[in-house]
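Colleague: Here's a structure for you.
The values are calculated or read from the model by the stated rules, or taken from the named source; none is laboratory data. None of the values given here were measured: they were computed from a predicted structure. Virtual Cβ from ideal backbone geometry, glycine too; neighbours counted across all protein chains shown.
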Amino acid sequence: MDRRLILGSAFILCTAGIFGFLTSNRSAPEENVSAPSGEPFFEVWVAESAINKADVIEPVMLKITKVPESEAYKAGVVNKKRFDIPPGALAGVDFETGSIIPENKLLVPGQPGHMSLLLGPDQVPYPIKIEGQIALIDILAPGDEVDVVLIASSDQNLAANPSLNSYRGLTVTPLLKARPVVDVKESKDDGITVVIALSRQEVSQMMIARRIGLLDVYKSSADAMTEMRVGDVLSDFTSVTELRGRERVAN
């Protein structure tokens, strides 16, 4: 075979090989394969909707999800295990929808600043001590609303002596409705102290009421508050007083 023919064929084959190599590299799609980093995941609370500062944190406001450790740290979460949210916890800042909720951005009952968040403008905390109602501590929490009633008797001063001598003249009178609870504390003597937020005018009203009779609270509802007498509870109860000379006789 002619030498020139052999050299020409070799040149053509070499050129075709180089061209094929270059075009094959140019047309192959790039694959972004990320190697597993081994980064751990944290279980966190996330806001289902926007939460405003001082809002009471309810379970329906949040969802549980898992995020990478770096994302959790960036949001202020430092523990891998999800923390528990106690009743009465408040948002210490505003949270947007989808925000991670770190523990240090919540204020819990008893923590400095918690009570002041629940107090509105020109409101002051007012304590009401309730005897023999220890179960209320499991029912009420900061952020709840309560109605306040006065239990009084026309025959005796229940504020001075809470032991009833007679049911005659006993009444329950509504005083305040839907007042916010800012704290609930257990008393040493089988009772609790409920601290509510009041205006200064309402505080004056309460100071008079507590010298007339006994104050009591119950969780607020949409129902209207009405005054009650013994006859409204015991239909066959009657209280008739006759004056005979200087003696007062009850029939």
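Colleague: So which pairs qualify, if the first residue must be in the range 95-106 and more than 14 Å from I64 (Cβ to Cβ), the second must be at pLDDT 95 or above and polar (S, T, N, Q), the Cβ gap must be under 7 Å, and the two must be at least 6 apart or on different chains?
Modeller: Once the first residue is more than 14 Å from I64 (Cβ to Cβ) and sits in the range 95-106, its partners that are at pLDDT 95 or above and polar (S, T, N, Q) give T97/S49.
Colleague: Does the range 190-208 contain at least one residue that is part of a strand (DSSP E or B), in contact (Cβ under 8 Å) with a residue 12 or more places away in the chain, more than 21 Å from the chain's Cα centre (by Cα) and within 26 Å of A91 (Cα to Cα)? Spell out the reasoning first.
Modeller: First, pick out the residues of the range 190-208 that are part of a strand (DSSP E or B): 191-199.
Among the residues that remain, those that are also in contact (Cβ under 8 Å) with a residue 12 or more places away in the chain are: 191-199.
With the extra rule that they be more than 21 Å from the chain's Cα centre (by Cα), the set shrinks to 191, 199.
With the extra rule that they be within 26 Å of A91 (Cα to Cα), the set shrinks to 199.
Yes - at least one qualifying residue is present in the range 190-208.
Colleague: A follow-up question, please. Restricting the range 126-140 to residues that are under 17 Å from L150 (Cβ atoms) and charged (D, E, K, R), which is modelled with the lowest pLDDT?
Modeller: E131
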